[in-house]
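Just below is one structure, and these are the notes that go with it.
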Amino acid sequence: MKTNIKLLLRLFSLILIFSTSSAFADIKLPQLISDHMVLQRDIKLKIWGWASPKEKISVNFNGKKGKTVTDANGKWLLELPAMKAGGPYKMVLQGNNQITLNDIYIGDVWFASGQSNMVLPMERLKERYPDEVANDNFPQIRNFFVPTSANVSTISEDLPPGEWKPAVGNNILGFGGTTYFFAKMLYQKYKVPIGIINSSVGGVPIEAWMSADAFKEFPEYSDKIKNFRDTAYMSNMLKNLKANNTPPKNIINPEPDKGISGPIKWTDPSYVPENWHKFWLPGYWADQGVKDLNGILYFRKEIEVPASMIGVPAKLFVGRIIDADSTFVNGEFVGNITYQYPPRRYNVPAGLLKPGKNTIVVKVISTSGKGGFVPDKNYSLNANGQRIDLRGDWIYQVGQVQPKIDIDNSTIRDRPFVAQNEPTGLYNTMAAPAINYRIKGFLWYQGETNGSRPKEYAKLLPALIADWRNKWGQGDLPFIYAQLPNFMEVNYSPSESDWAQLRKSQLKVLSVSNTGMAVGIDAGEWNDIHPLNKKDIGERLALWAEYLAYGAKDVVYSGPIYQSYKIEGNKIILSFSSIGSGLMVKGGGDLYYFAIAGTDKRYVWAKAVIEGDKVIVWNNDIQNPKYVRYAWADNPEGANLYNKEGLPASPFETDN
């Protein structure tokens, strides 16, 4: 009996050891190596992963085979020979276990990165591009969206969990708008499968995307990176940050929100507003008689809804709001957004609207700056093909005032440490794990966060380009980027501009080999850092890709780019490259947004005319001109120098 028990225990132990080692031995693949992926054509492919140490691994794909053995840490990598575009194919991986991947195409893969404008999804653009969202069907265009993850201390072995998705049906809504129109244009012309790896994070600086090796010429960043790798330093810093970010004792707790603390909530349709204030929507309350107010405000409007709009689902558009909102129709909550940038597009279920009087209440929470409703956006109620314009007279009342905080020097806090805003923070987690994946080139849309340090960008962007090309190890891969679009209020006098200076820094980067820049000064919006016109940007990036990556040497890939100038009397004569079939004034009439200056660099508006492939610039009050600027402003509205192919000239200044 005892012998049998011993045998059973021994057998159980062996089973346990075997099952544990088998689980450890299973092949594990990186996120990018998965169903529906697009692999890069015409180059040796790297396939990699993890298993148990010294495990034999084989890969069978499209008639090609590769074999390897894992190293002492269980890592493995093998190469497959270059293949032509095609698919769909299966990939079978064999180790102690077998994995079969399906629906794989071979085509062109682009690594897209930057800020929110690179990843702004088609879902946010569906009202602007309804036909594309409803009707497009491109199963050979694939998108891999990389979720946000950041770490300044260590380099991740793999990307955060994600999956390849084809551009069909609702999947299209998840594509970044810029990359979608980029891929669509190339696919329709070349009929080659396109894969997009979109690794972008809103509101981050360029240095977060650079590896530690990229900062050799930037000692102010290098010292910080060394500290990030010091575990004792990081532990102490995070401990101090937590202690230092405890709210000061002199902050007064706000009074309760009156809109929800009374006997009847202000969102209730039975509530009778008394002594509320008039408000013209859209607009900011700081411009309508209320100074330095942050807190909670309620905005209310009664509208008449015809019977023809009743009984069907409706759509309520409440533009953009600074900062957060919760919106109610006839007392029922229909939606909320917690920060200022997304458009407010709320579904109103069938049966909620009634014939005659209906009440809309928008509860707005403003935390800093000018709160209110952003102008030039869509404010309307839509149902059954009919539209009610919501702009005009509303009323409002303050529910809660945010107390002013009197912070003296003893309570000033350091800027909070956020890994995604620090050097290497995003490279380590959202770029480095992808460097084995073979690609066609890079797409880049970033710069807004570096707008306050525009001259530095002329050094940082080339450093990032060199860094990524070195890490991917595929030579001078095409690097194509979007120049900052027009944004913010129009200035009707020549003035200085950080955004113009950053555009100049971006323009300088064209001197780096195999780079391209899509100009977008006509594709922005004065009141929205996330402009909706992503089609023009995506297609202009694609034109550069045709030239740099697809060998289309006859394509006009850029608008006019300033090259040189000469002075003749009181005139400055400008020369350009990329004039295509000729320079033109878009829309006809006079050229706008040229400014001229003498040695004092006091710029004034100038006359400008096109003569052949030159632009002649002068002002009769400047007899000895030295410098010219074009479209030098945050928002150079009216800048109209184009080539005849319809591509805008880049902003520039002749002072280098």
Taking 30 Å as R0, compute the FRET efficiency from the Cβ-Cβ separation of residue 236 and residue 404 and round it to 0.05.
0.35
How much accessible surface area, in Å² rounded to 10, belongs to the heavy atoms of residue 376 with a 1.4 Å probe?
120 Å²
Charges only on Cβ, +1 for Lys and Arg, -1 for Asp and Glu: so what's the dipole of segment 287-327 about the Cα centre, in debye to the nearest 20?
100 debye
Determine the dipole magnitude for segment 509-586: charges of +1 sit on the beta-carbon of Lys and Arg, -1 on that of Asp and Glu, nothing else is charged, the reference point is the Cα centre, and the result goes in debye to the nearest 20.
220 debye
What relative contact order, as a whole-number percentage, does the chain give when Cα pairs under 8 Å and 6 or more residues apart are counted?
13 percent
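Can you give me the % of accessible surface on the chain that is carbon or sulfur? Probe 1.4 Å, all protein chains present, nothing else counted. Each step should come with its number before you reach the end.
On the way: 15430 of 30020 Å².
Ligands and nucleic acids excluded, carbon and sulfur reach 51 percent.
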Taking the Cα-to-Cβ direction at residue 153 and at residue 52 and moving 7 Å from each Cα, how far apart do the two end points lie in nm?
3.2 nm
Give me the number: length gained by fully extending residue 217 to residue 35, i.e. 0.36 nm times residue separation minus the C-alpha to C-alpha distance, one decimal in nm.
61.4 nm
Whether segment 417-499 is rounded, prolate or oblate, judged on the alpha carbon gyration tensor where a/c under 1.5 counts as rounded
prolate
Rounded accessible area per residue of segment 164-248, 1.4 Å, Å²:
45 Å²
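How much accessible area per residue does segment 317-391 have, in Å², with a 1.4 Å probe? Spell out each step's value before the answer.
Numbers: 3040 Å² over 75 residues.
For segment 317-391, the per-residue accessible area is 41 Å².
If the only charges are +1 at each Lys and Arg Cβ and -1 at each Asp and Glu Cβ, what is the size of the charge dipole of the chain around the Cα centre, to the nearest 20 debye? Before the final figure, lay out the partial values.
Details: 74 positive and 65 negative charges, 412 e Å.
Dipole size: approximately 1980 debye.
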Using a Förster radius of 41 Å, what is the FRET efficiency between residue 644 and residue 72 based on their Cβ-Cβ separation? Nearest 0.05, please.
0.05
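As an exercise, identify the trypsin sites (Lys or Arg not before Pro) in segment 594-656 lying in DSSP coil whose Cβ has no more than 16 other Cβ atoms within 10 Å.
Details: sites: 601, 602, 607, 614, 626, 629, 644; in loops: 601, 602, 626, 644.
Sparse-neighbourhood loop trypsin sites (Lys or Arg not before Pro): 601, 602, 626, 644.
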State, to one decimal in nm², a quarter of the convex hull surface area for the C-alpha atoms of segment 103-255, i.e. the direction-averaged projected area.
14.9 nm²
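Taking 8 Å as the Cα distance limit and 6 or more residues as the minimum spacing, I'd like the relative contact order of segment 374-491 as a percentage. The partial results should precede the final answer.
On the way: 51 pairs, mean separation 25.1, N = 118.
Normalised by residue count, the contact order of segment 374-491 is 21 percent.
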Once 510, 574 are ranked on solvent-accessible area with the largest value leading and a 1.4 Å probe, the list reads 510, 574
P(r) weight above 32 Å for the chain, C-alpha pairs, percent:
61 percent
Per-residue [θ]222 nm for the chain (sum of -39500 (n - 2.57) over DSSP H runs n ≥ 4, rounded to 500)
-5500 deg cm²/dmol
With the label point 7 Å along the Cα-to-beta-carbon line of residue 26 and a cut-off under 16 Å to each amide N, the hits in segment 69-110 are 93-101
So with the 1.4 Å probe, I'd like the accessible area per residue for segment 481-535, rounded to whole Å².
34 Å²
Where labels lie 7 Å past Cα in the beta-carbon direction, separation of residue 602 and residue 103 in nm:
6.7 nm
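At 18 angstrom or more along the helix axis (alpha-carbon based) and mean Kyte-Doolittle of 1.0 or higher, what helices does the chain contain? Whole DSSP H runs only.
Working: long enough: 2-25 (34 Å, 1.16); 177-190 (20 Å, -0.28); 231-244 (19 Å, -0.44); 457-472 (22 Å, -0.17); 534-549 (21 Å, -0.26).
Span-like helices, by this rule, are 2-25.
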Between segment 548-591 and segment 428-479, the alpha-carbon center distance in angstrom
28 Å
Give the lysines reachable from residue 84 as a straight Cα distance under 18 Å; neighbours fewer than 8 places away on the same chain don't count.
44, 46, 64, 65, 189, 191, 440
The simple spin-label model distance between residue 170 and residue 84, using points 7 Å out along Cα→Cβ, in nm, is 3.9 nm
If the reach is capped at under 16 angstrom between alpha carbons, list the lysines near residue 455, excluding any in the same chain fewer than eight residues apart.
504, 508
Compute the label zone of residue 561 within segment 486-529: residues whose backbone N is under 20 Å from the point 7 Å along Cα-to-Cβ.
486, 500-523
Would you mind checking 216/534; 278/370; 28/90 for any pair whose Cα atoms are more than 28 angstrom apart?
216/534
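The values are calculated or read from the model by the stated rules, or taken from the named source; none is laboratory data. Quick caveat: nothing in here was measured; it's all calculated off a predicted structure. Note that we place each Cβ from the backbone using ideal geometry, even for glycine, and neighbour counts take in every protein chain shown. For accessibility, only protein heavy atoms count, side chains too; no ligands or nucleic acids. Shrake-Rupley method; radii C 1.70, N 1.55, O 1.52, S 1.80 Å.
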